[in-house]
Structure formats: C-alpha cells, structure tokens
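Nothing in this text is a laboratory measurement; each read-out follows from the coordinates by a stated rule. Predicted, not measured: the structure shown is a model, and the values here were computed from it. Positions of Cβ are generated from backbone atoms using ideal geometry, with glycine treated the same way; all protein chains shown enter the neighbour counts.
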Amino acid sequence: MKTTRSPRSRRATGKRGNHDSTFARNVILIGLPSAGKSTIGVILAKIMRMNFIDTDILIQENTGKLLQEIIDKEGPEAFLKIEEETLCSLHVENTVIATGGSVVFSKKAMGHLRSGGIVIYLEITYGEMLHRLNNITTRGIVLNAGQSLREMYDQRIPLYEKNAEIRVCCSGEPFERTVENIVHEIQEMRRSSGYGSE
C-alpha cells in the first residue's frame with residue numbers, strides 16, 4: 001500500500017482498470033452502507049464536471065420497487081442478481097457512479113465497472129457506520145440470515161480493499177474534505193501515469 005501526501009487517503013498499487021486513452025472515464029465509489037457514497041458522489045460530480053448515477057436509485061427505477069421490498073419479498077440472492085444485471089448493463093462515460101454496499105459480491109459487476117474507470121473505496125470504521133445508520137430495517141442492506149452488522153462489516157471490508165484502486169478514509173471527516181482528498185488522489189494518479197503530459 002502506497003501512502004500519498006494526503007494523510008486521509010491511500011492509493012492501492014497494482015490495481016488499474018482499463019483506462020487506456022481516456023484516463024478514469026468514470027469514478028466508481030464503493031463502501032459500506034452510510035459511508036456517504038451518494039452525497040460525496042453528487043459533490044464530486046459537480047466539482048469535476050461529471051455526470052452522476054446512484055445505482056441503488058437506478059435499481060429502484062428499473063424494478064419499480066424499493067430496495068428493502070426486493071430483499072424482503074424476493075430474498076438477498078435475488079437482489080444481488082438484480083444488482084449485478086443492472087450494473088453490467090450500465091454503459092456510461094464521464095460519470096461518478098455511487099454503488100450499493102453489496103456490489104463487491106459480484107466479480108462480474110466489479111470487473112465491468114473497473115473496465116470503465118477508477119474504483120475508490122470510502123472507508124469508515126465500524127463505530128462510524130453504527131453512528132450513521134438510523135434506518136437499518138428499511139435501508140435495503142443485504143444481510144444473510146442471522147447475520148449481524150458486525151459480521152457484515154467484517155465480511156465486506158476485505159472485498160472493498162481488494163477491489164479498490166484508491167482508499168479514502170471518511171470517518172470523522174466532513175464530506176467536502178473527503179471530496180478534496182478524492183480529487184487530490186485522482187490528480188496524483190493522473191500525474192504518475194503520465195496522463196495529460198506532452
């Protein structure tokens with residue numbers, strides 16, 4: 001793990017999407033429920049003059065159902081399949097994509113997203129997650145039968161870390177500061193890759 005000048009963010013090494021001639025066409029945000037992906041994504045998109053998509057909202061629009069309704073009536077596995085299909089059908093450029101917390105369960109979906117941009121993991125501690133979550137039963141969180149939030153947290157962290165090209169710590173940080181760190185990391189990655197150089 002390479003530590004950059006930003007004290008609240010880290011860049012993973014050896015993990016690059018297929019950025020080719022257009023570096024980081026999209027910015028993909030991954031992380032736990034309540035990490036701030038949607039809010040941070042909106043701010044980041046405005047600053048970077050990009051479009052914005054919230055995949056949870058996209059799933060609801062495509063199915064006509066709330067996330068929790070899908071999970072309750074059809075089950076977690078059915079929801080994950082719908083999520084995978086929705087993300088794999090997504091073909092956009094110059095877009096900040098805020099994903100659902102369970103996206104990392106699909107290698108196919110993550111591979112598709114990574115092929116079109118840079119994956120950024122918004123890190124929060126377990127305590128921060130608990131503090132921010134106030135609608136657990138209606139939020140649409142994918143939990144296995146009998147799984148606790150602690151178990152969910154421990155299960156997902158390695159998957160976020162594995163898929164991330166950049167990791168940004170969000171615990172105790174205002175959203176605006178997190179966005180600044182993300183922009184800094186993207187600029188650093190562009191410079192180190194030689195993107196934009198003559």
Quick one: V103, V142, V42, fewest Cβ neighbours within 10 Å first, how do they rank? V42, V142, V103
Give the angle, between 0 and 90 degrees and rounded to the nearest 10, that separates the Cα long axis of helix 149-163 from the longest principal axis of the Cα atoms of the chain. 30 degrees
In whole Hz, with x marking every Gly and Pro, tabulate ³J(HN,Hα) for segment 44-54 from phi via Karplus 6.51 cos²θ - 1.76 cosθ + 1.60, θ = phi - 60°. 4, 4, 5, 5, 8, 6, 10, 7, 9, 9, 9
How large is ³J(HN,Hα) for each residue in segment 86-93, as worked out from phi by the Karplus curve 6.51 cos²θ - 1.76 cosθ + 1.60 (θ = phi - 60°), to whole Hz, x for Gly and Pro? 5, 6, 5, 8, 7, 9, 9, 9
Taking 0.36 nm per residue of separation between K107 and R132 and subtracting their Cα-Cα distance, the length gained on full extension comes to 6.2 nm
Long-range amide H partners of C169, meaning residues 5 or more apart or on another chain whose placed amide H is closer than 5 Å, are S9, R10, E123
Fewest-first ranking of R49, R139, using other Cβ atoms within 10 Å as the exposure measure: R49, R139
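Greater than 19 Å separation of Cα atoms is the criterion. Which listed pairs, K65/K162; K46/K162; K108/K162; K107/K162, meet it? List each step's numbers first, then the result.
Details: K65/K162 31 Å; K46/K162 28 Å; K108/K162 14 Å; K107/K162 11 Å.
From the list (K65/K162; K46/K162; K108/K162; K107/K162), the Cα-Cα distance tops 19 Å for K65/K162; K46/K162.
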Arrange L143, L113 by Cβ neighbour counts within 10 Å, fewest through most, would you? L143, L113
CD proxy, 222 nm, the chain: helix-only mean residue ellipticity via -39,500 (n - 2.57) per DSSP H run with n ≥ 4, per residue, nearest 500, stands at -14000 deg cm²/dmol
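Which value, in debye to the nearest 20, gives the size of the charge dipole of the chain about its Cα centre, when Lys and Arg are +1 and Asp and Glu are -1 at the Cβ? It would help to have the intermediate numbers written out before the result.
Values: 26 positive and 24 negative charges, 133 e Å.
Here the chain has a charge dipole of around 640 debye.
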Rounded to the nearest 10 degrees, what's the angle between the helix 175-193 long axis and the longest principal axis of the chain, both from Cα atoms, 0 to 90? 50 degrees
Whole-Hz Karplus ³J(HN,Hα) for segment 25-34, in order, using 6.51 cos²θ - 1.76 cosθ + 1.60 and θ = phi - 60°, x for Gly and Pro? 4, 10, 10, 10, 9, 10, x, 5, x, 6
What order do you get for 121-127, 30-36, 153-159 when each peptide is scored by the mean count of other beta carbon atoms within 10 Å, highest first? 30-36, 121-127, 153-159
